[in-house]
Amino acid sequence: MDKMGIKLVNLPDFDLEKFRGLTNMPFEQSAQIFSGIMANLSKEPLYGSILQSIKRGKPSEIDYINGEVVNLARLII
């Protein structure tokens, strides 16, 4: 993110240092921690907009994000 000039900011319940810590640890470890965070957000199932789009058979933000990741990678290579 730094190479692209994208400024990350703290979230109300999740500060930037926690995020950086998750992104710098082994995938399996960070995935387990992230899964615990998501599982404890609500007692009711939370269906995000991406899952809702997929269930409806419509394009989701993933389609846009994947294209942007490729575009950004091209800029820094």
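The values are calculated or read from the model by the stated rules, or taken from the named source; none is laboratory data. Because the structure is predicted, anything quoted here is derived from the model rather than measured. A quick note on method: Cβ atoms are made from the backbone with ideal geometry, for glycine too, and the neighbour counts reach across all protein chains shown. Accessible surface is based on the protein model in full, side chains and every heavy atom, while ligands, DNA and RNA are left aside. Shrake-Rupley method; radii C 1.70, N 1.55, O 1.52, S 1.80 Å.
For the structure I just gave you, tell me whether Lys7 is open to solvent by 90 Å² or more (accessible area, probe 1.4 Å), under 30 Å from Arg74 (Cβ atoms), among the charged types (D, E, K, R) and in contact with a helix residue (DSSP H, G or I) (Cβ under 7 Å, 6 or more places away or on another chain).
Numbers: open to solvent by 90 Å² or more (accessible area, probe 1.4 Å): yes; under 30 Å from Arg74 (Cβ atoms): yes; among the charged types (D, E, K, R): yes; in contact with a helix residue (DSSP H, G or I) (Cβ under 7 Å, 6 or more places away or on another chain): no.
Taking the combined requirement at face value, the residue does not satisfy it.
Report the residue count in the stretch 24-50 for those that are touching a Ser or Thr at 6+ places or on another chain (Cβ under 9 Å) and modelled with pLDDT under 90. Please lay out each step first, then the result.
Taking the stretch 24-50 first, the residues touching a Ser or Thr at 6+ places or on another chain (Cβ under 9 Å) are 24, 30, 49-50.
Next cut, modelled with pLDDT under 90 only: 49-50.
Residues in the stretch 24-50 being touching a Ser or Thr at 6+ places or on another chain (Cβ under 9 Å) and modelled with pLDDT under 90: 2 in total.
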Flagged in the stretch 14-38 as more than 25 Å from Ala73 (Cα to Cα) and over 15 Å from the mean Cα position of the chain (by Cα), in numbering order, are Gln29
Output the residues belonging to the stretch 10-37 that are open to solvent by 90 Å² or more (accessible area, probe 1.4 Å) and of a type in the set (A, V, I, L, M, F, W, C). Leu11, Phe27, Phe34
Cβ-Cβ under 8 Å, sequence separation 6+ or interchain: first residue in the stretch 48-77 and within 20 Å of Ile6 (Cα to Cα), partner modelled with pLDDT under 85. Which pairs? Leu72/Met4; Leu75/Met4; Ile76/Lys3; Ile76/Met4
Going through the stretch 26-37 in order, the residues found to be over 26 Å from Met4 (Cβ atoms) and of a type outside the set (S, T, N, Q) are Glu28, Gly36
